[in-house]
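The values are calculated or read from the model by the stated rules, or taken from the named source; none is laboratory data. Since the model is a prediction, treat every value here as computed from it, not as a measurement. Cβ placement follows ideal geometry from the backbone for every residue including glycine, while neighbour counts extend to all protein chains displayed. Note: areas computed on protein heavy atoms with side chains; ligands, DNA, RNA excluded. Shrake-Rupley method; radii C 1.70, N 1.55, O 1.52, S 1.80 Å.
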Amino acid sequence: MQYITLDTETDFDGWRKAARTLVLHHVEPRDVTWAVQGGEADLFAPPSPSPILEVNDGTFSVPAKFVELAKAAILHRDGERFAILYRLLFRLKDNHDLIDVAIDPDVAQVTAMAKAVHRDEHKMHAFVRFREIGRERQAHYVAWFEPEHHIVELAAPFFAKRFADMPWSILTPDLCAHWDGHGLSFTPGVSKSEAPGEDRLEETWRRYYASIFNPARLKVKAMQAEMPKKYWRNLPEASIIKPLIEDAERMTGAMIANAATDPHKPQKRPEAPMIRKTASNDLEALREEAAHCRACHLYKDATQTVFGEGPRSANIMLIGEQPGDKEDLAGHPFVGPAGQMLDRALEEAGVDRKKVYVTNAVKHFKFVPRGKIRLHQKPNTPEIRACRQWYEREVSAIQPDLIVAMGATAAQSVFGKITPIGKTRGRLIDLPDGRKALVTVHPSYLLRLPDPEAKVLEYRRFVEDLKIAASLQKKAARAA
């Protein structure tokens with residue numbers, strides 16, 4: 001009998017390594033007992049672990065479909081999952097097509113486990129509700145969730161991408177996930193008593209939920225199928241769901257009794273007159289003119305125009321996508337997390353930041369509101385075209401030797417067309433006016449990468465790209 005102890009409940013790599021070795025030694029599934037470090041003790045387990053089998057030179061392959069199913073199924077809470085997966089793997093060694101036999105008991109069981117895991121992942125994405133701790137810059141958002149399976153590591157990247165601008169923690173009994181704006185981390189599970197209670201936003205959320213509740217479209221069974229009652233206890237709106245359902249019939253009658261009304265027309269904001277375009281290439285004149293730009297609709301919601309900054313004599317112009325939340329409030333480009341990332345990379349590459357002109361392809365912040373958060377939205381082609389006049393006039397005023405386009409939006413503005421980053425990155429490109437262009441990624445792309453190793457690798461590539469600009473800057477300094 002082989003007793004295999006895995007490091008954690010989700011130790012897929014450990015299971016795969018052990019299972020592969022066992023299969024190559026022809027160890028029958030009935031002769032293997034699987035356990036997890038720190039789990040319940042097996043009365044029949046030996047006092048010391050089984051001798052580690054040596055990896056022999058044999059080899060075998062399994063369908064990629066099995067690997068995908070196994071990665072999901074191993075997150076199931078069923079304590080027999082390791083044994084079931086090994087039994088299926090053992091059989092696949094001699095019957096490669098077995099994975100496509102849907103009625104096979106092992107295939108059906110593993111498939112059902114994988115589906116249950118992904119269903120639980122979907123429920124976590126849908127029913128996590130963050131509560132605010134602290135205020136303003138000290139704000140942190142904490143949620144409590146009780147997953148059916150071991151899905152926290154699987155589900156966490158979704159929240160990191162969706163709520164990238166706010167620090168959050170998701171507490172669960174198994175594992176807690178944390179996002180600090182740069183990377184994910186995990187700590188052991190906690191009890192529900194450590195989760196925060198109601199916060200100041202929940203009454204607002206309940207009013208909003210009640211306002212969008214449509215009694216005429218109420219289908220209780222369908223509603224409970226999509227939002228099972230077991231999740232209700234952690235939802236702020238749970239306390240009003242039952243009263244809303246009970247009052248649905250009366251509300252529907254009231255809706256029928258009231259005649260339809262014309263929709264509200266949006267109130268147009270008073271607009272400041274746009275300053276007439278001049279032929280001036282003076283930076284201060286351009287800045288003042290751009291402050292009144294109405295070439296597209298983005299000015300309506302943005303706090304202000306965020307124009308470029310840097311010395312008039314700069315021989316390098318860095319161009320990004322658009323101002324972010326912090327840049328919009330401050331009125332200066334690259335002062336937020338992406339700007340801090342850029343400053344660090346410039347210093348490592350040897351580029352003197354004080355001698356560089358920094359601007360954006362689009363001068364107004366584009367976003368959609370999510371509660372108190374403003375989520376960045378990528379500018380579209382008409383918005384990039386509308387703003388290109390300012391880029392062209394900045395180039396005319398600065399007369400840089402090199403223009404560094406950071407990200408796809410910047411590249412589209414520089415080249416006047418959609419330009420793939422991967423095909424053009426990291427090499428000097430001749431522009432029609434005799435200048436050089438260099439394409440690289442935007443620093444915010446590095447901030448969004450969830451994988452720490454990929455983040456380090458991409459950051460090094462970003463620095464290497466900027467070293468090309470540093471080399472040109474040093475040559476210009478020697479020639480001066």
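Numerical summary
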read-out: Estimated dipole of the stretch 344-399 in Debye, rounded to 20 [Cβ of Lys and Arg +1, of Asp and Glu -1, Cα centre]; value: 360 debye
read-out: Degrees, to the nearest 10: 81-92 long Cα axis against longest axis of the chain; value: 90 degrees
read-out: Within the accessible area of the stretch 70-157 (1.4 Å probe), percent carbon and sulfur; value: 52 percent
read-out: Span from the the stretch 453-476 Cα centroid across to the the stretch 370-409 one, whole angstrom; value: 21 Å
read-out: Rounded to 5, the percent of DSSP beta bridges in the stretch 293-429 classed as antiparallel; value: 35 percent
read-out: Sequence ranges 144-151, 29-36, ranked by mean other-Cβ count within 10 angstrom, highest first; value: 144-151, 29-36
read-out: Chain lengthening between residue 37 and residue 214 when straightened (0.36 nm per residue, less Cα-Cα); value: 58.7 nm
read-out: At R0 = 30 Å, FRET efficiency that the Cβ-Cβ distance of residue 471 and residue 423 yields, to 0.05; value: 0.85
read-out: Kirkwood Rh (inverse of mean 1/r, distinct Cα pairs), the stretch 314-440, angstrom; value: 15.0 Å
read-out: Compactness of the stretch 289-333 as Cα Rg over 2.2 N^0.38 Å, two decimals; value: 1.25
read-out: The chain: radius of gyration and largest Cα-Cα distance (Dmax), Å; value: 29.0, 88
read-out: Carbon and sulfur %, accessible surface of the stretch 160-259 computed with the full protein complex present, 1.4 Å; value: 57 percent
read-out: Rg ratio (alpha-carbon, reference 2.2 N^0.38 Å) - the stretch 56-163; value: 1.42
read-out: Helix 337-349 axis, angle to the chain major axis (alpha carbon atoms, nearest 10°); value: 80 degrees
read-out: Distribution of pairwise C-alpha distances over the stretch 152-217, 10 Å bins, in %; value: 18, 34, 32, 14, 1
read-out: Loop GluC sites (Glu not before Pro), the stretch 164-248, which have at most 14 other Cβ atoms in a 10 Å radius of their Cβ (DSSP); value: 198
read-out: Surface share of carbon and sulfur [accessible, 1.4 angstrom probe, percent] for the stretch 325-416; value: 51 percent
read-out: Farthest toward positive dipole pole in the chain [+1 Lys/Arg, -1 Asp/Glu at C-beta], among 303, 234, 10; value: 303
read-out: Fraction of alpha-carbon pairs over 16 Å apart in the stretch 125-177 - percent; value: 38 percent
read-out: Considering only the chain, percent of DSSP beta bridges that pair antiparallel, nearest 5; value: 45 percent
read-out: Computed label-point distance, nm, for sites residue 226 and residue 101 using a 7 Å Cα→Cβ extension; value: 4.0 nm
read-out: For the chain, accessible area per residue (1.4 Å probe, heavy atoms of protein chains only), Å²; value: 56 Å²
read-out: Measure of compaction for the stretch 389-480 (Cα Rg per 2.2 N^0.38 Å); value: 1.16
read-out: Efficiency of FRET from Cβ geometry, residue 59 and residue 255, R₀ 60 Å, rounded to 0.05; value: 0.30
read-out: FRET efficiency, residue 352 to residue 205 (Cβ-Cβ, R0 45 Å, nearest 0.05); value: 0.40
read-out: Reach of residue 366 by Cα under 20 Å, taken over lysines that are not fewer than 8 positions away in the same chain; value: 161, 268, 300, 326, 378
